[in-house]
Amino acid sequence: MRADTVLSIYKFKVKTFFGAFRASKASVVLLLVYIIGFLPGISGFSITIADAIKQGGVDLEVCVETLAALLSVLMVFALILALRGYTVFEHEQIFIFTSPIRPREFLVASILADLTSSLVFAHPIFLLYAIIVFSLNLSAYLALLMLSAILLFIFMLFFLKTSFSIIKALYRDLWINALIYILIILLLLPAAGFFIDLPLKYSLLPYPSKFMAEILIDILCNCSVNLISFLGLVSYFLPLTALFILTSERNFFPATTYVPFVSPFDASIRTQTLKMERGIKIFSRMGSFLTLNLESKSFLRFLMKKEIIRITREGSLFAVILMYLIISFIVAAIGASASQNTQGPPSTFFLIFFLGTYSLIVPLMLVSNWRVSDLENLWVPLASGADMRIIVRAILYDFVLISSIVPSIMILILSIIQNVNPILPLILIISTSIVGCSVNLHIMVKFLGKKSRGTPSFLIGWASMLLSALLLTPIYILVVLSILLRLGDAANMLLSTLISIYSALIMKYFVRKIEKSIVKIEV
Amino acid sequence: MSPIIELIDVWKSYNGVQALRGLNLEVHRGEIFGLIGPNGAGKTTTLKIIVGLLKMDRGIVRVNGVDICEEPYEYKRLIGYVPESVSLPDYLTIEEFLIYSGKIRRVPDDQIKKRINNLVRLFELEEKRRALIVSLSRGMRQKVAIASALIHDPDLLILDEPFIGIDPMGQHILKDLFNERIKSGKTVFISTHMLDTAERLCNRVAIIYKGQNIALGDLKNLQQLSKTGENATLEEVFLKLTEEAKEQPIEEAFEERRRDFFSILRRRLL
């Protein structure tokens, strides 16, 4: 294995992953916003855990069991990824696999690159680690040991996924599928103990996840190291490393499967469009009942119909409905259990806040999909001399309609089932949609310009969510007050009117900003 | 009669890289005008500035006598444009996209129907008119884009590399279409790398190099300018002129362009 080759592939992979991040100066600012955005939540969570440990009220067996279950889920996730065989991106097939590079060199570089990429998103975990280590006053020896165990487990996951992917890619036989499924079942089976009375428990089984959980809990709660657990973890790590070494000798390059490039930093419209094309091929039948024709009486209606067709045929509408169906199921379940235990506010509270918070995601999704679908097609209206202000209005109105109507129907059904007054939840959802869609579209249009187009959409989305949440805070405060003070219908009607006016004003403000920005776009 | 397109001292840069350096150009009505030049010469930038997809840093662009900075929207009704890499809304059918193109160009509904029928017949897209664009080949997409540029029967057709991806039959149809359009007094402005096609098709061509117009005229003018002889092909002329331009210092070229600009301005004022 040549170290310089590994380094070159590693650099190439990392640069490709973070490629678009370098394409726009705004990315740095937005990444800072992303990192800072996690600080309050993670700090609070870490301090709560550290305090609970200090107070000594922690049930160690439950902790080991829960942590082992979570770590087993991670292992299962690695195995599920292996079921696809070894997947690579198109540029890797074209540029790397056609060069005299050995499989092991490629694999080592890939694992290191994956680790580097994960670190960017894992910053909350490191923050959690650092705060807990300092809060509990752990010695450097214990802190290092904990870090070593974490790294050992992470590499184990990588070796597990890589080795099984290669075996799957090379043999593609039923036995390998069967083996992976058996491992998945074995890993998840003890988790059933959380729901039903089972004699199987993680703490009773020699699983790597159990050893890892024991190491962490012992260090944190007892300030000691469980040597048997550590040796147990190593006893899994070594065979998995050997398996990796064996499989990495095989030439699996011709057996790899091509997948579209995936990176949260990827702002390449080409690859995202490829993904969207697949969606259109699947969902276009769903939208075949709608056709764009000359029947629409006004130009605005015609454009709105065109957008509805896009939203339906590319699968966005399906995704919105599916998301709300899932959340409605959860809300209904929570509401049902809450009504069994207590009376009054909790079910309303859950109904409002689950749906309210959730509905912030929908405008983001709709706007992001519009960017992927239509950014490259913007030349059509821009070169036609059409009034771009009407075009963006049509887009915004459709986003507000879709993100309001679907949850409103769900709320009405849930409110009938749970016997809750739907006025406040409806007003909250509609306001969230109006504010969310206006803010998201405004920020997205701002980033459509040539200079900032390279900004990754997940960073733009993060900034949009933060701004939307800030602007929605007064509305949520009013609704909380209304619930806590148990205001009457008349007061709630007044509150609803105030919230509606506030949302309408915000929309008006952002519509003007969008109209100004859209005409300045260069494509 | 004033030219349909006039570019006077047009400058454009991207992140400090100068794409156009005082470009001057005139396109006459009723001609097929070709813009040729090596990669990165500024051809696409020029076309995008004319159709309003890019903003120039300075200079004057007039379309049909109208300064596009003073009136940036209405003049576009005269133009049909097709970019080099065609991207279309994959989620629409051919017919729906053509309806959309007609609507945004304010073509009356009854005319939209008629023109769609004619265009799908012309480009042999009848069988596919209700097929989603996502299912079309690259060549078919190019045909759809050209059909959409013709939906409002524009006076000026601007096409960036129109023949790429189109089969020989499609290219033949396109060339016939261009010739028919100039017979009815309309103008076709194309940018192309296909020098043999440009030689046969275009009435006049402009060769641009590093954002400057280094030669303009019909083949005879260019042969004289390049001193390549009357049998020289456009390719030979192009190679000779771009070779010479490479050797010419940029400052000197600027000075020439400045002289050109003032001579055009003087002509306009007098």
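When segment A:205-250 is filtered for residues that are over 24 Å from A:L188 (Cα atoms), hydroxyl-bearing (S, T, Y) and buried (at least 16 other Cβ atoms within 10 Å of the Cβ), the ones remaining, listed by number, are A:T247, A:S248. Taking residues in segment B:228-246 that are within 12 Å of B:P38 (Cα to Cα), and partners anywhere that are of a type in the set (S, T, N, Q), the pairs with Cβ atoms closer than 6 Å and at least 6 places apart or on different chains are B:L241/B:S226.
Within segment B:1-37, the set of residues being surrounded by 16 or more Cβ atoms within 10 Å (Cβ to Cβ) and not in a strand (DSSP E or B) comprises B:P3, B:I4, B:R29, B:G30, B:E31, B:G37.
Just one of the listed residues (A:Y258, A:Y202) is buried (at least 21 other Cβ atoms within 10 Å of the Cβ), of a type in the set (S, T, Y) and at pLDDT below 90, and it is A:Y202.
Listed here are the residues, each with its yes/no results for (1) under 30 Å from A:Y181 (Cα atoms); (2) in the same structural domain as A:L107 (by TED's automatic domain parsing); (3) in contact with a helix residue (DSSP H, G or I) (Cβ under 7 Å, 6 or more places away or on another chain); (4) surrounded by fewer than 19 Cβ atoms within 10 Å (Cβ to Cβ).
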position	(1), (2), (3), (4)
A:S8	no, no, no, yes
A:F38	no, yes, yes, yes
A:A52	no, yes, no, yes
A:A69	yes, yes, yes, no
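Annotation note: Cβ proximity below 7 Å between a residue of segment A:198-218 that is under 13 Å from A:M75 (Cβ atoms) and a residue that is surrounded by fewer than 24 Cβ atoms within 10 Å (Cβ to Cβ) and among the charged types (D, E, K, R) (sequence gap 6+ or interchain) occurs for A:Y202/A:E65.
Results for (1) in a helix (DSSP H, G or I); (2) buried (at least 19 other Cβ atoms within 10 Å of the Cβ); (3) touching a strand residue (DSSP E or B) at 6+ places or on another chain (Cβ under 9 Å); (4) without any contact (Cβ under 8 Å) to a residue 60 or more places away in the chain, shown as yes or no for each residue.
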| position | (1), (2), (3), (4) |
| --- | --- |
| A:V58 | no, no, no, no |
| A:E61 | yes, no, no, no |
| A:V64 | yes, yes, no, no |
| A:V73 | yes, no, no, no |
| A:G85 | no, yes, yes, no |
| A:E105 | yes, yes, no, no |
| A:L115 | yes, no, no, yes |
| A:I132 | yes, yes, no, no |
| A:N137 | no, no, no, yes |
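The set of residues in segment B:62-72 being assigned to a loop (DSSP other than H, G, I, E, B), in contact with a strand residue (DSSP E or B) (Cβ under 9 Å, 6 or more places away or on another chain) and more than 11 Å from every other protein chain (Cβ to nearest Cβ) consists of B:N64, B:G65, B:C69.
Residues in segment A:373-390 that are among the aliphatic types (A, V, I, L, M) and surrounded by fewer than 21 Cβ atoms within 10 Å (Cβ to Cβ): A:L375, A:L378, A:I390.
Listed here are the residues, each with its yes/no results for (1) under 22 Å from A:S148 (Cβ atoms); (2) among the acidic types (D, E); (3) assigned to a loop (DSSP other than H, G, I, E, B).
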{"site": "A:S203", "(1), (2), (3)": "no, no, no"}
{"site": "A:K210", "(1), (2), (3)": "yes, no, no"}
{"site": "A:I215", "(1), (2), (3)": "yes, no, no"}
{"site": "A:S224", "(1), (2), (3)": "yes, no, yes"}
{"site": "A:G232", "(1), (2), (3)": "yes, no, no"}
{"site": "A:P239", "(1), (2), (3)": "yes, no, no"}
{"site": "A:L246", "(1), (2), (3)": "no, no, no"}
{"site": "A:R250", "(1), (2), (3)": "no, no, yes"}
{"site": "A:P254", "(1), (2), (3)": "no, no, no"}
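Taken over segment A:492-508, residues that are touching a residue at least 24 places away in the same chain (Cβ under 8 Å) and within 20 Å of A:P363 (Cα to Cα) amount to 7. Does A:T473 meet the test of being within 27 Å of the chain's Cα centre (by Cα), part of a helix (DSSP H, G or I) and in the same structural domain as A:I429 (by TED's automatic domain parsing)? Taking the combined requirement at face value, the residue satisfies it. Among the residues in segment B:165-174, are any in contact (Cβ under 8 Å) with a residue 24 or more places away in the chain and within 14 Å of chain A (Cβ to nearest Cβ)? Within segment B:165-174, not a single residue is in contact (Cβ under 8 Å) with a residue 24 or more places away in the chain and within 14 Å of chain A (Cβ to nearest Cβ).
Taking the criterion of being away from every other protein chain (no Cβ under 14 Å), β-branched (V, I, T) and touching a Phe, Trp or Tyr at 6+ places or on another chain (Cβ under 8 Å), the residues of segment B:30-61 that qualify are B:I32, B:I36. Kindly indicate whether A:I80 is in the same structural domain as A:K161 (by TED's automatic domain parsing) and more than 24 Å from A:L183 (Cβ to Cβ). Answer is no for this residue. For the structure I just gave you, tell me whether B:L239 is modelled with pLDDT under 85 and either out of contact with any His (no Cβ under 8 Å at 6 or more places or on another chain) or closer than 30 Å to B:D176 by Cα (or both). Judged against the criteria, B:L239 is not a match.
For beta carbons closer than 6 Å, sequence separation of 6+ or different chains, a first residue in segment A:280-302 that is away from every other protein chain (no Cβ under 11 Å) and a second that is modelled with pLDDT under 80 and surrounded by fewer than 13 Cβ atoms within 10 Å (Cβ to Cβ), there are no qualifying pairs. Within segment A:399-456, the residues that satisfy the criterion of being surrounded by 20 or more Cβ atoms within 10 Å (Cβ to Cβ), under 18 Å from A:I499 (Cα atoms) and among the polar types (S, T, N, Q) are A:S403, A:S404, A:S431, A:T432, A:S433, A:S438. Looking at this structure, is A:I150 under 23 Å from A:L112 (Cα atoms) and assigned to a helix (DSSP H, G or I)? The answer is yes for A:I150.
Of all residues in segment B:73-105, those satisfying the criterion of being facing chain A (nearest Cβ under 8 Å), within 29 Å of B:P3 (Cα to Cα) and part of a loop (DSSP other than H, G, I, E, B) are B:Y73, B:P83, B:R105.
Looking across segment B:96-123, the residues that are out of contact with any Asp or Glu (no Cβ under 9 Å at 6 or more places or on another chain), in contact (Cβ under 8 Å) with a residue 12 or more places away in the chain and among the charged types (D, E, K, R) come down to B:R105, B:R106.
I'd like to check something: does segment B:126-143 contain any residue that is at positive phi and either of a type in the set (V, I, T) or assigned to a loop (DSSP other than H, G, I, E, B) (or both)? There is no residue in segment B:126-143 that is at positive phi and either of a type in the set (V, I, T) or assigned to a loop (DSSP other than H, G, I, E, B) (or both).
For the residues B:L7, B:L23, the requirement of being more than 14 Å from the chain's Cα centre (by Cα) and more than 13 Å from chain A (Cβ to nearest Cβ) singles out B:L23. Taking (1) modelled with pLDDT of 90 or more; (2) farther than 18 Å from B:L35 by Cβ; (3) not in a helix (DSSP H, G or I) in turn, B:G165 satisfies each apart from (1).
The values are calculated or read from the model by the stated rules, or taken from the named source; none is laboratory data. Bear in mind that the values here come from a model prediction, so they are computed numbers and not experimental data. Heads up, the Cβs are rebuilt from the backbone with ideal geometry, glycines too, and the neighbour counts pull from every protein chain shown.
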